[in-house]
1. Are any of the residues in the range A:27-48 within 26 Å of A:R135 (Cβ to Cβ), part of a helix (DSSP H, G or I) and either touching a residue at least 24 places away in the same chain (Cβ under 8 Å) or in contact with a His (Cβ under 8 Å, 6 or more places away or on another chain) (or both)?
2. Please go through the range A:115-129 and give me each residue that is within 11 Å of DNA strand B (Cβ to nearest atom) and within 18 Å of A:H82 (Cβ to Cβ), ordered by number.
3. Please work out which one of (1) within 13 Å of DNA strand B (Cβ to nearest atom); (2) out of contact with any helix residue (DSSP H, G or I) (no Cβ under 6 Å at 6 or more places or on another chain); (3) within 20 Å of A:V148 (Cβ to Cβ) is the condition A:N110 fails and give its number.
4. Suppose the filter is buried (at least 16 other Cβ atoms within 10 Å of the Cβ), in contact with a Gly (Cβ under 6 Å, 6 or more places away or on another chain) and assigned to a helix (DSSP H, G or I); does A:A64 pass it?
5. Report whether or not A:V265 is surrounded by fewer than 24 Cβ atoms within 10 Å (Cβ to Cβ), among the β-branched types (V, I, T), without any contact (Cβ under 8 Å) to a residue 40 or more places away in the chain and touching a helix residue (DSSP H, G or I) at 6+ places or on another chain (Cβ under 7 Å).
6. Picking from A:V301, A:V285, which residue would you name as being at negative phi and more than 10 Å from DNA strand B (Cβ to nearest atom)?
7. Kindly evaluate A:G369 against the criterion of being away from DNA strand B (no atom under 15 Å from the Cβ), in contact with a Ser or Thr (Cβ under 9 Å, 6 or more places away or on another chain) and within 24 Å of A:P392 (Cβ to Cβ).
8. Quickly run through the range A:70-94 and pick out the residues that are among the small types (G, A, S) and either within 10 Å of DNA strand B (Cβ to nearest atom) or more than 27 Å from A:L140 (Cβ to Cβ) (or both).
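The values are calculated or read from the model by the stated rules, or taken from the named source; none is laboratory data. Quick caveat, the model's predicted, so the values are computed rather than measured. Cβ placement follows ideal geometry from the backbone for every residue including glycine, while neighbour counts extend to all protein chains displayed.
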Amino acid sequence: MLLSQESPPLEAPPETSNTKTKTILNLLQGCNTLKKLHKIHACVITAGLLNHPAISTKLLNFCAVSVSGSLLYARLLFYQIHNPQIDHWNSIIRGFSRSSSPIQSIFFYNQMVSIPTRSRPDTYTFSFVLRACERVILPLADSKRKEVHGTVIRSGYDRDFVVCTNLMRSYAGNGSIENARKVFDEMPARDLVTWNSMISCYAQAGFHYEALKTYDLMRIENVGVDGFTLVGLLSSCAHVGALNLGIEMHRLARESGFLNRNIYVGNALIDMYAKCGNLEAALSVFDGMKKRDIFTWNSIVVGYGVHGRGLEAIEFFRKMVMEGVKPNSITFLGLLCGCSHQGLVQEGVKFFNLMLSKYNIKPEIKHYGCMVDLLGRAGKLKQALDVINSCPSQNDPVLWRTLLGSCKIHKNVEIGEIAMRNLVQLRASNAGDCVLLATIYGEVNNADGVSAMRKMIKSQGIKTTPGWSWMEINDQVHKFVVNDISHPDTNEIYMKLREVIQEVTLLGYVEEDSMSLVSLKGFSGEGYCWGNGSYHSEKLAIAFGISRTPVGTCLRITKNLRVCRDCHSFTKFVSKAFNREIVVRDRVRFHHFKDGECSCKDYW
DNA sequence: GTAGGGTTAG
């Protein structure tokens, strides 16, 4: 009931309509609870002022938009207003667009546009309804978005920065990054927010290369940068390992004053440096920050963790807790990752237990994955199996796949078969898993096992993740895939590669061809590169890097899969033969190659 | 009076 009998008017009705209006507007001004609003609403009805434009707008706005409002109430109120005006429509559409039921927003928009004599949508209406489309995940939202887009164009709002930004985000948020780009390209002019949004749309969709390319265009158009630009670009630099561009962002941040003013920028810088393999620089930014939040601490803990420097990650964790910052589930991912790569089994187990007992953080599947990796890597395969069995969602193929990976390191057929059986049962086994188990069989000279895996792959059809490597030279990011011939300097790269192979062969490099799994050659199984005799993307990147950078320059490579044994051995030899430090960031960790050795100590 | 952009993990 809107007119509760227990809600008497707040004061005696004013005498004239004008004073009534003023009194009610004053009351609305001070209204901060729904209860007070109930009473004011009752007054409004008694005074017959519900259709007074200022009053109804304020009433509705409070219900639909303010934190103490109620959308249910807003909807009832809306239907009491005769001939709602643009402000009313915008209020109700705005309110629902950010609610848990954004579809209602579209519903009201539909009503609004269904009768042409009603208010026409304006720039605000479009912004709100597009936000609603972005949040509704039904396929229907797609056609709605296109329809709204059409209306936007027909009504001339396609020149409006804000509407177009909303359109872009709405498209990108639903997987249609091409349409987002199309909107961007077709705008007659763009402001800084539009550029930043394009970058963040790309970054959030995982198109980091395109995000960085957008910055090239930005430079040409001279639009400048702000903190948002820097953060978006730094995140993409971190993802693709573009250190030089990241350093350029750092310089811009320093010069423009954002470094000290904006905690986001500092946080993104720490993450970028850590992900690009330069922990010292990450630490220096960290040390220089006046204020630190959970992102700052997590970035440094995770940074040390993925570099396999578990003890230091633990040290940062201690400092963070001492400074009163509460760790979250990501902090523990960093810790467990660090423990796993440094073989700190006891510490890892301790932190895993601490999560729930002390910090009330429920371990998620990723944390279980770290534990399986920690124990499995250390050869405690039975315990790793127990962890999977204790996990609430033991039906996750990733856990079994991690265990299978550990079985490969320790050549354990028995538990490897258990892992594979579970993967098959979950209908999740892929070619990469077969390759892993086949490797284990091969290493214990089990020819039948190898042959069974070969059959399994044939019957399933090979489904693999294509491997790629990024490398940045002079602010340009170069991407290579296996046996790549798309690079403009392909001939030069292959010539250099053959030369490099000759050099390292003189030092003792032998291309690994351990398994005689002829039918598997050249494939990249999910998680691990596989195959010999083919030119893996990092070999091409290394050859390119050697030919294009001065002697002694460190080569930094980022790849999407794990390094295969052959490439790992190759890179060690190259680091010695050419006196180069080579930093390879693979899917799970960093490898620092120097003087023929790798920081992972051949344990990855 | 109402609208658009950012970081870790995934």
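1. Yes, the range A:27-48 contains a residue that is within 26 Å of A:R135 (Cβ to Cβ), part of a helix (DSSP H, G or I) and either touching a residue at least 24 places away in the same chain (Cβ under 8 Å) or in contact with a His (Cβ under 8 Å, 6 or more places away or on another chain) (or both).
2. A:S119 - this is the single residue of the range A:115-129 that is within 11 Å of DNA strand B (Cβ to nearest atom) and within 18 Å of A:H82 (Cβ to Cβ).
3. The failed condition is (1).
4. The answer is yes for A:A64.
5. no
6. Checking each option against the conditions leaves just A:V285.
7. No, not satisfied.
8. A:S91
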